[in-house]
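Each remark here refers to the structure printed beneath this line.
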Amino acid sequence: MASSTARAPNAPSAIGFNLAALSVMVLLAAVGLAYWVDGATREARTPGPVLNDDRLVTQTIAGQELSIPQSWFRNGQESRTGFASQIDLLVTLTPPEAEPIPVQVTLLPPSRARTSASLLDRVYLHQFGEETLSGVMGLVGKPVAGPGYRGETVWYDPLSPNPFVAKCLAPVEPEGAEQCVRTVYLPSGIAAVYTFSQPALAAWREFDSEMGRWLGRIGAM
């Protein structure tokens, strides 16, 4: 009986502690939810890339002065006037009768990049396996079998002297889409590296002309 009597006063204390802990957990959950809602709201308010955006930032790369809409920058810290060694943008292509295509664009001096077409002749053709893939009308798909090219496929137009060429990498996640890279030299002399999902290859015939609409807008063509 003495032992039971001694433990009895601790019961309210334990209940109070549990209630306090539960209150803290509820408070933390509410704060976390508030931050999540705020972040989602900010993301929803963030404007996407718009072709006719007049909020321009002037940057110079490879001797070319570009006037770039604010909404095109992938990283807000890069949207500052001045000289740049690399410019990272995001645009959205809308080819005829196709879904919008988000494309990451990296602008570089030409000395820092090799075009995909030149790599086709000098590198990829010597590394192709025997298998030929289909699935993109007008393009030939060849797995790259050489060392260091695990899970990569090159898609190219075999009929053009200056072919469309893109290299695609297998997705990291099982249900993810392959990511493709295409590098070109623009008429201005700037190198452009395009990164996009593999389904966008279906619009490969319109790809460069659509990109020209966007990059011509900033003076890169």
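The values are calculated or read from the model by the stated rules, or taken from the named source; none is laboratory data. Just so it is clear, the structure is predicted and the values come from calculations on it, not from any experiment. Counting neighbours? That spans all protein chains shown, and the Cβs are built from the backbone with ideal geometry, glycine included. Areas reflect the complete protein model, heavy atoms only, side chains present, ligands, DNA and RNA absent. Shrake-Rupley method; radii C 1.70, N 1.55, O 1.52, S 1.80 Å.
Translational diffusion coefficient of segment 97-136 (Stokes-Einstein, Kirkwood radius from Cα pairs, 25 °C, 0.890 mPa s): 180 µm²/s.
Using the per-residue mean of other Cβ atoms lying within 10 Å as a proxy for protection, in what order, highest first, do the peptides 129-141, 186-198 fall? Mind dumping the intermediate values first?
Working: 129-141: 12.7, 186-198: 18.8.
Listed from highest to lowest mean packing, they are 186-198, 129-141.
Accessible surface of segment 96-221, 1.4 Å probe: 52 percent of it comes from carbon and sulfur atoms. 3J(HN,Hα) along segment 154-162, derived from phi through the Karplus expression 6.51 cos²θ - 1.76 cosθ + 1.60 where θ = phi - 60°, amounts to 9, 10, 8, 8, x, 9, 9, x, 10 Hz, with x in place of Gly and Pro. With a Förster radius of 30 Å applied to the C-beta separation of T81 and M221, the computed FRET efficiency comes to 0.90. For the pair segment 159-177 and segment 187-204, the centres of their Cα atoms are 10 angstrom apart. For E178, the residues whose amide H sits under 5 Å from its own are Q198, ignoring neighbours fewer than 5 places away on the same chain, with H placed 1.01 Å from N. Take the Cβ-Cβ distance between H126 and R55 as r, set R0 to 45 Å, and report the resulting FRET efficiency rounded to the nearest 0.05. That gives a FRET efficiency of 0.45. Here the simple spin-label model places points 7 Å from the Cα toward Cβ, and for E206 and M137 these points are separated by 1.3 nm.
Please identify which residues in segment 171-215 have an amide N closer than 20 Å to a label point set 7 Å out from the Cα of S67, following the Cα→Cβ vector. It comes to 187-190, 212-215, nothing else.
How much accessible area per residue does segment 51-156 have, in Å², with a 1.4 Å probe?
I get 56 Å² per residue for segment 51-156.
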